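Take a look at the structure set out below.
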Amino acid sequence: MYYIYVLYSVKFDRIYIGQTDNIISRLDRHNQGKVRSTKSNIPWKMIYYKPFQGRSDVMKREKKLK
């Protein structure tokens, strides 16, 4: 299963859209500063996620949201 997700940084009023196959681990990585594109806006709160059956479906949805 793959997921599209939206993160929100309350401290910096920023939104980040991404996709993953392990949603809990990915949020942890964002908040531990292990993702280069989001480490300067920690902490992140997940405000939306949606599961998809295949990676191609989640990638299409991510492209539409961005």
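Quick notes on this structure:
- From 58, 35, residue being in contact with a helix residue (DSSP H, G or I) (Cβ under 7 Å, 6 or more places away or on another chain), among the β-branched types (Val, Ile, Thr) and farther than 12 Å from residue 9 by Cα: 35
- Scanning the range 38-55 for residues that are in contact with a helix residue (DSSP H, G or I) (Cβ under 9 Å, 6 or more places away or on another chain) and within 11 Å of residue 3 (Cβ to Cβ) turns up 46, 49, 50, 51, 52.
- Residues located in the range 16-28, provided they are over 9 Å from the mean Cα position of the chain (by Cα) and under 19 Å from residue 62 (Cα atoms): 21, 22, 24, 25
- Of the residues making up the range 1-50, just one is of a type in the set (Asp, Glu) and under 21 Å from residue 64 (Cα atoms), namely 21.
Bear in mind that the values in this text are calculations on the coordinates, not laboratory data. These figures come from a predicted structure and were not determined experimentally. Counting neighbours? That spans all protein chains shown, and the Cβs are built from the backbone with ideal geometry, glycine included.
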